[in-house]
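Shown next, in structure tokens, is the structure this report addresses.
Just so you know, all these numbers are worked out from the coordinates, no wet-lab data involved. These numbers were taken from a predicted model, which means no experiment stands behind them. Every residue, glycine among them, receives a Cβ derived from its backbone with ideal geometry; neighbour counts consider all protein chains shown.
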Amino acid sequence: MDTDHDPRAVVQRYYDTVSSGDLSRLDEVLVADLVGHAGAGPTFQDQTANLKAWLAGFPDTKVEVRELIREGDRVSTWITYHGTHDGEFAGVASTGRATSIAGWDLVRVSGGKIVEMTSYCDLFTLMNQIGAMPTATPS
């Protein structure tokens, strides 16, 4: 199979793009009429805005791919987002704290690009890690 169109390789390129912090290349891995669900945002523009907001709060974000499973044109991933809270996120000023949260994506690939994406991540744990939850214990 052509690796440029292998759904696993396309999804890995998406995570590599996010980890690079250079979102100007998102159009190389996402179609303009992206259909998003849950945390992915419903459109390409929404997904881009979500990622910009994330990277503003966690500019050193690295996405660790723990599992990447393909079935036909769909790829399911279990990922971990690592980053330092060095900017405002969700109204919480920078704390300088290291964060690490789990995420799951279900992605559909066609023609070498992501056409549909459903994303979930553990925001409760993240908000605890940055001290935004009343039950949080500062580290």
- Where does the charge balance sit around W104 when Lys and Arg score +1, Asp and Glu -1, over other residues with C-beta under 12 Å from its C-beta? -2
- Message: What is the angle, in °, between the Cα long axis of helix 44-57 and the longest principal axis of the Cα atoms in the chain? Nearest 10 is fine, range 0 to 90.
- Response: 30
- Query: Over the Cα atoms of the stretch 1-82, how large are the radius of gyration and the largest Cα-Cα distance (Dmax), in Å?
  - Reply: 12.5, 38
- Note on the structure: Per the charge dipole of the chain (beta-carbon charges, Lys/Arg positive, Asp/Glu negative, Cα centre), the residue among V109, A32, A53 reaching farthest to the positive end is A53
- Query: Among M133, M127, M117, what is the fewest-to-most ranking by other Cβ atoms within 10 Å?
  - Reply: M133, M127, M117
- Query: When the dipole is taken about the Cα centre of the chain, and only Lys, Arg (+1) and Asp, Glu (-1) are charged at their Cβ, what size is it in debye, to the nearest 20?
  - Reply: 280
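For L23 and A38 in one chain, what is 0.36 nm times their gap in residues minus the Cα-Cα distance, to one decimal in nm? Numbers along the way, then the final one.
On the way: separation 15, 0.36 × 15 = 5.40 nm, distance 2.01 nm.
Taking L23 through A38 to full extension adds about 3.4 nm, to one decimal.
Length gain on complete extension for the stretch L123 to R70, per 0.36 nm per residue less the alpha carbon to alpha carbon distance?
Numbers: separation 53, 0.36 × 53 = 19.08 nm, distance 2.56 nm.
Gain in length upon complete extension: 16.5 nm.
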